[in-house]
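Just so it is clear, none of the values below were taken in a lab; they were calculated from the coordinates. The structure displayed is predicted, hence computed values, not measured ones. Counting neighbours? That spans all protein chains shown, and the Cβs are built from the backbone with ideal geometry, glycine included.
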């Protein structure tokens with residue numbers, strides 16, 4: 001089965017996403033940054049080696065048009081209900097025997113080579129993780145046999161404990177492969193440090 005790359009993305013509507021960033025730079029600047037990051041992620045994530053899909057929240061925006069931001073030719077699916085762990089767990093098994101990787105849409109240093117490395121790692125690992133500088137992760141991928149048995153709970157999401165909590169949920173004998181560490185843009189300080197211009 002062709003591997004699947006899911007971009008987890010909140011709709012690029014003003015005030016809906018990047019609320020921590022908005023506190024530091026203002027709602028309009030945060031909205032503009034979100035739109036640029038989404039468009040960049042959609043470009044970088046395309047490949048003939050895997051199918052790229054947008055996993056959209058909220059569900060009502062599944063068919064919304066955001067020209068120049070979300071590529072109209074990318075297939076969209078809804079993230080569904082529940083916390084982040086429940087939504088990701090569902091998506092990791094939604095494509096049967098296909099390997100699945102999930103990324104966010106706020107990584108200005110993301111490269112296509114990072115994604116290719118993730119899918120290559122899944123051929124010999126149960127789980128692949130891309131650590132983030134804030135204690136979370138920017139990518140999670142699972143081989144189909146692992147995804148069917150995985151449980152991403154309890155995890156303190158959006159905290160410095162997210163990666164450690166996720167690792168604690170996994171069976172100790174599973175093979176875990178790590179990608180390079182990246183910083184996601186969550187607040188004014190991380191935006192200032194980013195390569196986003």
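Before moving on, here are some points about what is shown:
- Principal axis analysis of the Cα atoms in the range 151-197 yields extents of 42, 21, 12 Å, listed in decreasing size.
- The Stokes-Einstein estimate for the chain, based on a Kirkwood radius over Cα pairs and taken at 4 °C with 1.567 mPa s viscosity, is a diffusion coefficient of 77 µm²/s.
- Working ranking of peptides 86-96, 158-168, 63-73 by packing, defined as the average number of other Cβ atoms within 10 Å per residue, highest first, is 86-96, 158-168, 63-73.
- Residues of the range 155-197 falling in the label zone of residue 84, defined by backbone nitrogen less than 12 Å from a point 7 Å along Cα to beta-carbon, are 155-166, 184-186.
- Rounded tilt (10° steps) of 112-121 against the dominant C-alpha axis of the chain: 20 degrees
- The modelled label-to-label distance between residue 113 and residue 133, using points 7 Å beyond Cα along the C-beta direction, is 2.0 nm.
- Here the ratio of the Cα radius of gyration of the range 10-70 to 2.2 N^0.38 Å is 1.19.
- Chain lengthening between residue 75 and residue 123 when straightened (0.36 nm per residue, less Cα-Cα): 14.8 nm
- For the chain, the longest principal axis of the Cα atoms and the long axis of helix 84-93 meet at an angle of about 50 degrees.
- Principal-axis analysis of the Cα atoms of the chain puts helix 27-44 at an angle of about 40° to the longest axis.
- Shape summary of the range 77-159, radius of gyration then Dmax from alpha carbon positions: 12.5, 32 Å.
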